[in-house]
Amino acid sequence: MSILDEIREQGAKKFVFSVIDDTVVRITAGLSINDVRGVLRGDPAAKPNPRVKPHTEGFVLHIRPTFYHQAVTALYPTFRLGFLSAMLFLIEIITGAILMVFYSPTPSSAYESMLKILSGVPLGQFMRDAHRLSAEGMVIVVCLHMLRTFLTGSYKAPRQFTWLTGVVLLLVTLGLSFTGYLLPWDQLAFWAVTIGTSMAEKAPVGGQEANLLLRGAASIGPNGLLRFYLLHVIFLPLIGILVLAVHYYKVIRHGHSLPPGMEAPGEDNARKVPPDKRVPFLPDILTTELLWAALTIAVLVVGVTFFYHAPLEHHADPNVTPLHTTAPWYFLWIQGMLKLGDPTIMGVVLPTVIFLFLALIPYIDFNRSRLYKDRKIALALASIVVAVLVVLTYMGTPQYGTEAPPPDEVGFHFIPPEQPGPIRSLPFDQLVVGEYDTAKTSGATIAPKLNEVLQELQADITKHPELAGGHAVLVIEDWQGDGKTVNLKKVTLRILWDNVAQPYENTVYIHRDSNYSE
Amino acid sequence: MQTRIALGAVLFMLVIAVVGYVIINEGLLPGQTGRMQKFDAQVQGRSIESGALLFQNNCVGCHGVQGQGIPGVAPALNAADLFSGERLKKVGYSGKVEDYIRGVISVGRPIKTNPSYPSPMPTWGQTFGGPLRDDQINNLTNFIMNWKDQALAAPSAPAAPAVQAVGTSLDTPLPAGVADNGQKIFAAQGCAACHSLKLDEKIVGPSLAGVAARAGDRIKAADYKGKATTGELYLRESIVQPGAYVVPSFLDGVMPQDYGKAKLSPQDLADLIAFLLTQK
Amino acid sequence: MSAETVALSKGVTRREFVNYVWGATMAVFMAEMGGAIFLYALPRFKAGEFGGTFTLPASALPTPGSAPLANQEGRFWIANTDQGVYAIYKVCTHLGCLYGWSSLTKRFECPCHGSKFQLNGTYIEGPAPRSLDRFVIQVQDASGQVIAQTDANGGPVQVTDPNATLAIDTGKRIEGKRHS
């Protein structure tokens with residue numbers, strides 16, 4: 001029968017409906033309009049249950065389970081951290097691909113392309129900040145996910161390999177974060193990565209080769225940037241996606257591990273879910289996941305619009321290392337370790353041993369029980385490790401253990417090379433021309449914020465016993481203008497103290513439009 | 001369950017609103033001052049700041065602290081004739097002022113072209129073998145261009161008051177010299193462009209580190225042909241009669257001959273000598 | 001009951017409705033992000049970049065009827081005819097070659113396939129299907145006010161004020177008229 005005959009037989013309304021219905025079945029891989037409405041209304045599923053068809057016949061849902069055990073649907077025990085990790089990975093891929101439209105990976109154009117993205121591309125800053133914030137969030141979430149998996153003992157048999165792939169994913173995440181860190185090619189990026197790759201050089205076996213492979217040359221330059229870029233946009237994401245596929249496959253194959261209290265030691269009931277404990281994927285689990293996704297996106301978007309802006313320091317300068325150069329925060333623990341001893345041991349051997357140990361935990365843990373009361377030692381160890389990490393991270397911060405001469409420290413605090421600092425943050429009109437000595441309290445109220453900074457300056461100097469009798473002189477001069485209004489001022493900071501051989505002097509220029517206070 | 005669905009919808013509405021707010025404030029249309037334009041102004045401002053620091057560290061020795069130039073050493077940059085296009089016409093350059101500045105900084109003057117400036121400008125751009133990156137040259141250019149409005153608005157500089165020149169004789173009495181003033185004259189007259197105060201650093205002429213001690217020995221050298229009888233007089237002679245004695249391995253006729261004849265007053269000379277006497 | 005009857009007879013519950021609303025917000029969000037990505041990726045041109053605006057002082061105009069002035073970066077000729085000023089796109093309307101000005105024959109001639117055009121861009125002969133394309137010129141006086149602009153047909157602009165500035169917008173191109 002031809003189409004026209006069909007229409008004549010059924011009537012136009014029925015024909016249109018059957019076409020739409022047909023389309024819906026194809027799109028959902030098995031659900032008709034009535035079935036979809038049933039899902040959206042929360043009606044009980046028909047028998048036989050059509051809602052498994054998108055899983056059994058479709059691609060998008062084929063790896064997702066058709067139901068969850070009720071006990072793993074609440075916030076505890078998973079806190080949905082695995083889902084969150086995968087979601088942040090997806091956000092990174094999307095925002096990363098978007099940024100690739102404008103970013104250029106050569107030293108002579110990288111920084112310029114960053115400036116272009118931030119000032120000349122609509123939503124450029126938004127996309128960049130979203131990419132950076134999600135990256136930092138992903139490192140945190142991935143670590144929390146690992147911690148949760150350890151605490152609930154979910155790594156034990158038969159899920160050892162899942163844990164192993166998870167550790168690989170942790171390394172991929174850290175690698176992605178580290179390689180991406182270099183791409184802006186500013187002072188922060190350049191020196192953090194110089195430190196990181198120098199640590200690779202200290203490896204007892206193959207250190208030199210590893211360093212050369214990463215950098216593509218003796219020091220980080222065009223080759224290094226290109227290699228880091230390729231690692232960041234293709235090699236690590238590819239490995240990440242493949243290992244993630246294996247990881248998630250294993251998760252579903254064994255089933256989400258139940259809360260420890262629900263199983264006897266050595267038992268694993270995840271795959272045997274009684275019908276009354278089944279929570280279907282459509283609509284319940286999907287709804288919760290979409291809600292979690294909505295919350296993540298909302299936090300990200302609000303965060304990036306009102307609270308967080310990724311930094312961009314000065315152009316990378318291979319000849320000048322700024323004072324208090326630091327590693328990215330997730331590597332501060334290694335920096336802390338480096339302050340304790342030999343760089344080869346502390347920077348290479350120990351971290352390698354730690355990660356190897358981490359990967360092998362399920363294979364050397366002979367305690368079959370997942371119950372908290374049977375794992376007091378493991379749980380105590382986990383708490384100690386977390387505490388040690390926190391302490392090491394603090395020790396890795398620039399202020400700890402590395403101190404420049406006191407006048408340099410004061411100068412660094414007030415005129416930092418790469419941060420605004422109190423003086424640059426003053427509103428431009430508060431930088432009143434004159435010579436100010438912090439030893440003489442000036443009662444002038446022409447510039448109240450300037451007075452505050454001068455007092456802070458004197459207080460900071462007094463804190464250092466080596467600067468007995470110390471005081472600072474701040475000279476502010478008009479430098480350039482358009483003939484009527486000044487737009488550039490020169491600020492010189494001099495620090496003097498008793499028996500000073502050479503006073504500390506630092507000059508900085510401040511432009512009206514620079515807006516450091518924002 | 002219904003709460004979750006409703007909450008999900010509300011969250012997405014919030015996200016739609018916030019993203020809309022961002023898009024509206026970006027400054028998409030020409031003529032608006034949105035975030036993009038403000039950021040651009042920031043970038044420009046900070047470029048000028050970096051340029052100012054680079055200028056201070058590399059250029060003031062020849063071009064003067066405020067870009068006013070030093071006669072016989074380097075031309076003024078903070079000058080109306082540069083930005084009005086007059087200077088470019090004179091040298092026959094047909095492009096934009098900004099390109100001229102950027103090009104000259106980057107290439108310098110690898111060959112001597114202008115007899116008024118005997119000491120040629122160094123090459124600064126890395127492309128041509130100099131020490132500065134392209135973005136630094138860009139910052140310097142932006143800083144110098146920032147003098148444009150100021151220079152064009154300023155009344156043409158009044159002719160410098162004629163200096164009562166001290167003359168080239170070694171006998172005329174000099175007032176007491178103040179070393180601090182002498183230090184300023186050392187910079188303002190462009191001595192720093194050719195004479196370093198660091199030990200053994202040769203720029204064009206010999207380093208003046210330790211010259212206070214050395215001056216007395218110079219006059220005792222076998223090849224000394226001048227008329228000074230004390231170290232102090234040697235210093236004076238070197239300034240006002242540069243050709244009287246040339247330190248071995250340096251060339252005659254490079255140091256300007258008119259410090260005594262035209263540029264320095266008696267007080268200036270005294271201050272300069274006092275300053276040089278502090279270089280032990 | 002047929003599927004269609006079942007589907008149409010059921011009323012919409014609150015949960016179903018809120019699900020639809022949520023779906024709509026997700027769809028709007030996707031559309032918004034799509035639009036945002038489009039705005040993000042669409043090239044924007046600064047002044048002095050091809051695609052942006054170029055300025056020319058009226059004093060730099062060639063005398064009417066004389067050879068046109070070439071602007072390399074902007075890819076246009078400034079042709080001053082007795083009827084007024086045109087900004088003509090340097091790309092031939094045939095197959096994309098850059099044609100040149102022949103001072104001998106006083107016309108534009110394309111070296112690739114021999115298309116020929118008058119000073120004001122009108123087609124004379126050759127395989128090109130239409131006359132040369134023109135850019136929109138805005139004539140601004142000393143205070144920046146627009147005193148004349150190229151019309152929608154790409155007609156000439158009169159420049160009467162010797163202190164005026166011409167702003168040629170290479171982002172706005174008017175196609176040349178097809179000849180029969």
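The values are calculated or read from the model by the stated rules, or taken from the named source; none is laboratory data. Only a predicted model underlies this, so the values are computations on that prediction, with no experimental measurement involved. No Cβ is skipped: glycine too gets one built from the backbone with ideal geometry, and neighbour counts run over all protein chains shown.
Assorted remarks:
- B:Asn139 crowded, with 18+ Cβ neighbours inside 10 Å and touching a Lys or Arg at 6+ places or on another chain (Cβ under 9 Å): yes
- Residue in the range A:481-517 that is farthest from the other protein chains (Cβ to nearest Cβ), counting only those that are within 18 Å of A:Ser425 (Cβ to Cβ) and among the aromatic types (Phe, Trp, Tyr): A:Tyr516
- The listed residues are A:Leu188, A:Leu183, A:Leu144, and the only one of them that is closer than 22 Å to A:Gly336 by Cβ and in contact with a helix residue (DSSP H, G or I) (Cβ under 7 Å, 6 or more places away or on another chain) turns out to be A:Leu144.
- The residues in the range C:28-43 that are touching a Gly at 6+ places or on another chain (Cβ under 9 Å) and exposed (fewer than 15 other Cβ atoms within 10 Å of the Cβ) can be counted, and the count is 1.
- Selected residue (criterion: surrounded by the most Cβ atoms within 10 Å (Cβ to Cβ)) from residues of the range A:196-216 that are aliphatic (A, V, I, L, M) and modelled with pLDDT under 85: A:Met199
- Of the candidates C:Gly96, C:Gly65, C:Gly74, the single residue that is touching a strand residue (DSSP E or B) at 6+ places or on another chain (Cβ under 8 Å), more than 10 Å from chain B (Cβ to nearest Cβ), surrounded by fewer than 16 Cβ atoms within 10 Å (Cβ to Cβ) and closer than 30 Å to C:His113 by Cα is C:Gly65.
- Some residue of the range B:3-14 being at the interface with chain A (Cβ under 7 Å from one of its Cβ atoms), at pLDDT 95 or above and touching a Ser or Thr at 6+ places or on another chain (Cβ under 6 Å): yes
- Unique match (being free of Cβ contacts under 8 Å to residues at least 12 places away in the same chain and outside any helix (DSSP H, G or I)) among A:Pro77, A:Pro107, A:Pro48: A:Pro48
- Out of A:Gly483, A:Gly443, A:Gly470, sole residue that is crowded, with 20+ Cβ neighbours inside 10 Å and either at pLDDT below 90 or among the β-branched types (Val, Ile, Thr) (or both): A:Gly470
- Filter result for A:Gly175 (buried (at least 20 other Cβ atoms within 10 Å of the Cβ) and of a type outside the set (Ser, Thr, Tyr)): no
- Failed condition for C:Phe50, given (1) at pLDDT 90 or above; (2) farther than 23 Å from C:Asn153 by Cβ: (1)
- Annotation: C:Gly144 fulfils all but one of (1) more than 19 Å from C:Ala47 (Cβ to Cβ); (2) exposed (fewer than 14 other Cβ atoms within 10 Å of the Cβ); the unmet one is (1).
- Residue in the range B:31-47 that is buried (at least 17 other Cβ atoms within 10 Å of the Cβ), facing chain A (nearest Cβ under 8 Å), in contact with a His (Cβ under 6 Å, 6 or more places away or on another chain) and without any contact (Cβ under 8 Å) to a residue 60 or more places away in the chain present: yes
- Residue satisfying condition, being within 13 Å of chain B (Cβ to nearest Cβ), of a type in the set (Val, Ile, Thr), surrounded by 18 or more Cβ atoms within 10 Å (Cβ to Cβ) and more than 22 Å from the chain's Cα centre (by Cα), within set C:Thr53, C:Thr25: C:Thr25
- Every residue from the range C:134-160 that is over 18 Å from the mean Cα position of the chain (by Cα) and either small (Gly, Ala, Ser) or farther than 18 Å from C:Asp82 by Cβ (or both): C:Gln140, C:Asp141, C:Ala142, C:Ser143, C:Gly144, C:Gln145, C:Val146, C:Ile147
- Any hit, the range B:146-167, residues being crowded, with 17+ Cβ neighbours inside 10 Å, aliphatic (A, V, I, L, M), part of a loop (DSSP other than H, G, I, E, B) and at pLDDT below 85: yes
- Among residues of the range A:31-49 being within 42 Å of the chain's Cα centre (by Cα), over 14 Å from B:Met1 (Cβ atoms) and hydrophobic (A, V, I, L, M, F, W, C), the one that is modelled with the lowest pLDDT is A:Ala45.
- Test for B:Lys225: is it within 30 Å of B:Ala76 (Cβ to Cβ), without any contact (Cβ under 8 Å) to a residue 40 or more places away in the chain, basic (Lys, Arg) and not assigned by TED's automatic domain parsing to the domain that holds B:Gln66: no
- Restricting attention to the range C:99-138, the residues that are β-branched (Val, Ile, Thr) and either in a loop (DSSP other than H, G, I, E, B) or surrounded by 21 or more Cβ atoms within 10 Å (Cβ to Cβ) (or both) add up to 3.
- Scanning the range A:306-353 for residues that are part of a strand (DSSP E or B) and more than 30 Å from A:Pro406 (Cα to Cα) turns up nothing.
- Residue pairs meeting the criteria (Cβ under 6 Å; at least 6 apart or on separate chains; first on the phi < 0 side of the Ramachandran plot, in the range A:503-518; second part of a loop (DSSP other than H, G, I, E, B)): A:Asn506/A:Ile415; A:Val508/A:Ile415; A:Tyr516/A:Pro420; A:Tyr516/A:Ser425; A:Ser517/A:Ser425
- Only one entry in B:Ile101, B:Ile5 is free of Cβ contacts under 8 Å to residues at least 12 places away in the same chain, outside any loop (DSSP other than H, G, I, E, B), more than 30 Å from A:His309 (Cα to Cα) and among the aliphatic types (A, V, I, L, M), namely B:Ile5.
- Selection count where residues are part of a helix (DSSP H, G or I) and either in contact with a helix residue (DSSP H, G or I) (Cβ under 8 Å, 6 or more places away or on another chain) or more than 10 Å from chain B (Cβ to nearest Cβ) (or both), scope the range C:1-22: 15
- When restricted to residues that are more than 20 Å from B:Pro118 (Cβ to Cβ) and assigned to a loop (DSSP other than H, G, I, E, B), the range B:180-219 contains 7.
- Residue pairs whose Cβ atoms lie under 8 Å apart, sitting 6 or more positions apart in sequence or on different chains, and linking a residue in the range C:2-13 that is among the hydrophobic types (A, V, I, L, M, F, W, C) to a partner that is assigned to a loop (DSSP other than H, G, I, E, B), are C:Ala3/A:Ser32.
- Exactly one residue out of A:Asp43, A:Asp21 is assigned to a loop (DSSP other than H, G, I, E, B), at the interface with chain C (Cβ under 10 Å from one of its Cβ atoms) and not polar (S, T, N, Q): that is A:Asp43.
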